[in-house]
Amino acid sequence: MKKPKYQAIVEYIKARISKGEWTIGSQIPSQRHLAKQFEVNRSTVITALEELMADGLIEGKAGKGTVVTNNTWTLMGKQTSTNWNENVTLGIHKPSISTVQEINEAESDDSLIQLSKGELSPEIFPLEKMKSIVQKVSSQLTPFGYEEPKGNVKLRHAISEYLKRRGVNVSPSSILVVSGALQSLHLISIGLLKRGSTVFLEFPSYLYSLTVFQSAGMELNSLSMDKEGIMTDSIYQTKEKGKIFCIPIQPFIIQQVL
Amino acid sequence: MYTNPTFHNPTGTLMRKKRREELIEYCVREQLPVIEDDVYRDLWIDNPPPEPLKSKDHHGNVLYLGSLSKTLSPGLRIGWVVGPESVINRLADLKMQSDYGSSTLSQLVAAEWLSSGLYDHHLEDVREQLRNRRKVAIDSLNKYLSPYATWEIPKGGFFIWVRIKSTFKVKRLFDKALSSGILVNPGRIYAEQSGQYIRLSYGYASLDELNEGIFQLSEIIKHQYK
């Protein structure tokens, strides 16, 4: 039987890594480039890259493309053991991640029509107001060093007032200033949730395009939505289904141990 | 549970008051902790959205996330998380261990925006512009894509979740659009594997580009079925 096309790409990349030509940290050619080189579809390249990612040889890095992360001989020869949890996660996520990287890259290309950006247009940016606020802040500046762990007190008061107008009554001591919602999610994932926990979320969801919970060892479990968002019934159903789904795993693990 | 009940990314769905009450009641009863991601709340276009789930949380069950990135500037890098004090203390400790806190300058600028009232004025401008942008996008969709696709008109935020009708299966629409100079987000990055969905944003491109981009998408689909 003829080898699948993606296998040729996998072998080519493995060879370059094992010869030490592509060292740890070096960027591998773009998907577009590889597709051209091997005269295959992008999807074939993605399949190959997924396999190499699953082997731990390469990894997508934000802003850097796909880079070599490992080259040890033990790793090269290692057969991946079956771990359904991880494989399922990889199956769902790695293709997305390469697409997300491609999008991130393309978002800085001014020649493209950007119908993807989740960001307000520069046309809407309040530049004059921003300038005057920055000036006002600068004229009142006092020496500054590290802030309080939860963030600048003045800002936390302002946020507390802002939230009150939106129906949320909280004191500044219950507010943590972060660099964006993503940092909140990151802190929650490393600080509050146990490895192996399940995170329920809407299907589809923006969260699937990130790896924040999966990287902290959590599983994502989709809930159905209708025109008003999450269907409350679906939480119960999904929880029950999860329980049933776990049962066949048990004999499998025992078999492995034996 | 993670949820994005107000102008959900990517579908634009808005959870109404009754569903919010049902959901929070369920989560409190089942002791299911909730992360409420509410970063699009201020981008309502038609009417102010129902109050956050957090407003009905009397048990400290909800961690509430907000940000200035979607409404003012992602460059400030300012957002917040709200929750029970013990949880916030724990998260603050982790934040210190990771970056020793956000920049004082950014925080002071954000505080000034919020407390001066200029942020609220700015939001009025944003809503006006988004209303106009949404109109241009929906008009173009009606004009060019209605034979091939369906969508809901979002009540806020800046995303339209477009479903290409199954009779017009477009292989690699994302790649084809990119080769025509248009960047869209394919549904698959949100785990929608059918390949029939794309997320369009009307928040960023110029009005002409919005129109042109949507026209080009229709051409790609039309071309495939010639």
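Among the residues of segment A:83-99, is there at least one that is at pLDDT 80 or above and either within 19 Å of the chain's Cα centre (by Cα) or not assigned by TED's automatic domain parsing to the domain that holds A:Leu220 (or both)?
Yes, that holds for at least one residue.
Here are some conditions: (1) of a type in the set (Asp, Glu); (2) closer than 16 Å to B:Ser201 by Cα; (3) surrounded by 17 or more Cβ atoms within 10 Å (Cβ to Cβ). A:Glu123 meets all but one. Which one does it not meet?
Here A:Glu123 clears every test but (3).
Out of B:Pro5, B:Pro74, I need the residue that is under 14 Å from A:Ala181 (Cα atoms) and modelled with pLDDT of 95 or more. Which one?
Result: B:Pro74 is the single residue among B:Pro5, B:Pro74 that is under 14 Å from A:Ala181 (Cα atoms) and modelled with pLDDT of 95 or more.
Would it be correct to say that B:Lys171 is outside any helix (DSSP H, G or I), loosely packed, with under 14 Cβ neighbours inside 10 Å and over 19 Å from the mean Cα position of the chain (by Cα)?
So B:Lys171 passes the test.
Mind telling me which of the residues B:Gly187, B:Gly213 ends up being small (Gly, Ala, Ser) and at pLDDT 95 or above?
When all the criteria are applied, what remains is B:Gly213.
Which residues, counting only those in segment B:108-123, are part of a helix (DSSP H, G or I) and either farther than 24 Å from A:Gly145 by Cα or among the small types (Gly, Ala, Ser) (or both)?
Once the filter is applied, which keeps residues that are part of a helix (DSSP H, G or I) and either farther than 24 Å from A:Gly145 by Cα or among the small types (Gly, Ala, Ser) (or both), segment B:108-123 yields B:Ala110, B:Ala111, B:Ser115, B:Ser116, B:Leu118, B:Tyr119, B:Asp120, B:His121, B:His122, B:Leu123.
Residue check, B:Glu152 against (1) charged (D, E, K, R); (2) crowded, with 19+ Cβ neighbours inside 10 Å; (3) touching a residue at least 40 places away in the same chain (Cβ under 8 Å); (4) within 12 Å of chain A (Cβ to nearest Cβ), all met but one. Which one?
Just one mismatch for B:Glu152, condition (2).
Give the number of residues within segment B:1-29 that are in a helix (DSSP H, G or I) and either more than 7 Å from chain A (Cβ to nearest Cβ) or surrounded by fewer than 22 Cβ atoms within 10 Å (Cβ to Cβ) (or both).
12
Yes/no per residue for (1) polar (S, T, N, Q); (2) at the interface with another protein chain (Cβ under 7 Å from one of its Cβ atoms); (3) in a helix (DSSP H, G or I):
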| position | (1), (2), (3) |
| --- | --- |
| A:Met130 | no, no, yes |
| A:Ser138 | yes, no, yes |
| A:Glu147 | no, yes, no |
| A:Lys150 | no, yes, no |
| A:Ala158 | no, yes, yes |
| A:Arg166 | no, yes, no |
| A:Leu176 | no, yes, no |
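Taking B:Leu130, is it more than 10 Å from every other protein chain (Cβ to nearest Cβ) and crowded, with 21+ Cβ neighbours inside 10 Å?
The answer is no for B:Leu130.
Filter segment A:108-122 for residues that are within 7 Å of another protein chain (Cβ to nearest Cβ) and assigned to a loop (DSSP other than H, G, I, E, B) and give the result.
A:Ser111, A:Leu112, A:Leu115, A:Ser116, A:Lys117, A:Gly118, A:Glu119, A:Leu120, A:Ser121, listed by residue number.
The values are calculated or read from the model by the stated rules, or taken from the named source; none is laboratory data. As the structure is a prediction and not an experimental result, all values here were calculated from the model. Neighbour counts are summed over all protein chains in view; Cβ atoms, including those assigned to glycine, are modelled from backbone coordinates with ideal geometry.
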